[in-house]
Amino acid sequence: MEATSIESLSPLIQEADQWGEVLLLLPLLVALEAVLSADNAIALAAISRRLHDRRRQETALNLGLLLALVFRLALIVAARWVLDFWPLQLAASGYLLWLCGRHLVTVFQDGEGEELDEQAPVLGVGDHPHGQTAATLGSVVATLAATDLAFSLDSVAAAVAVSDRLVLVMAGGVIGVIALRLTAELFIRWLEVFRHLETAGYLAVGFVGIRLLLRVLLPTLEIPEWALLALVAALFVWGFSVRNTPAPAPAAEAD
């Protein structure tokens with residue numbers, strides 16, 4: 001979800017006739033992008049953690065989001081075509097639902113589904129919560145770019161509907177990627193502290209996939225804006241609700 005896709009901003013953007021007025025809206029867009037990109041950012045943070053090394057995670061985020069920025073700008077330019085090409089939206093929906101489903105299957109296979117009230121020890125920087133092996137840098141970069149592209153399909157259509165000013169919509173896309181880079185860095189650290197945060201993020205990913213699917217199957221269906229924001233907020237309240245138990249310090253050796 002992105003600031004330019006929020007319908008309540010439509011009157012502000014549409015009434016900004018002068019570029020000076022548009023520039024006054026940019027701080028608002030920046031602040032909103034930082035908050036509303038959290039569902040995307042946590043998914044990207046979880047994907048980058050598969051590298052098991054902080055420096056390689058940062059490299060993957062930089063390269064993946066640079067590639068994602070190119071995809072976003074191309075998507076904005078071709079938005080009118082994308083709106084009419086439902087197979088692409090269906091493919092993006094299936095991809096996001098697959099990401100969510102794969103994570104949930106792994107969680108329940110590891111027994112977390114039966115032990116949601118138990119706290120796990122804090123993981124080290126190189127550890128993964130589900131014991132997955134490290135991925136290659138190239139595969140993670142490609143996954144990051146593809147995931148952001150799928151998210152963008154959910155928001156670019158709404159952003160173009162809000163404003164026909166291509167430069168403004170593209171500026172929103174650039175701001176969104178910058179916000180993602182900053183917030184993803186935070187979520188990489190928080191994923192090591194809060195037990196349910198990764199699952200909450202993947203549930204948000206699945207929710208975006210469902211939105212895309214409904215857009216294809218039921219284009220006349222309109223979900224209230226407050227309901228979308230409330231659902232995402234509830235997921236993240238749950239995600240931050242339980243901290244991991246600190247690992248016990250090793251006992252001192254007797255003299």
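Coordinate-derived values only; no laboratory data. Note that the coordinates shown come from a computational prediction; the quantities given were computed from them, not determined experimentally. Cβ placement follows ideal geometry from the backbone for every residue including glycine, while neighbour counts extend to all protein chains displayed.
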Placed amide H near F194: partners under 5 Å, 5+ positions off or other chain: N244
Summed side-chain charge close to A68 - residues other than A68 whose Cβ falls under 12 Å, Lys, Arg +1, Asp, Glu -1: +1
Which of E198, E185 has the fewest Cβ neighbours within 10 Å, and the rest in rising order: E185, E198
Amide H contacts under 5 Å for A135, placed H, 5+ residues apart: L51
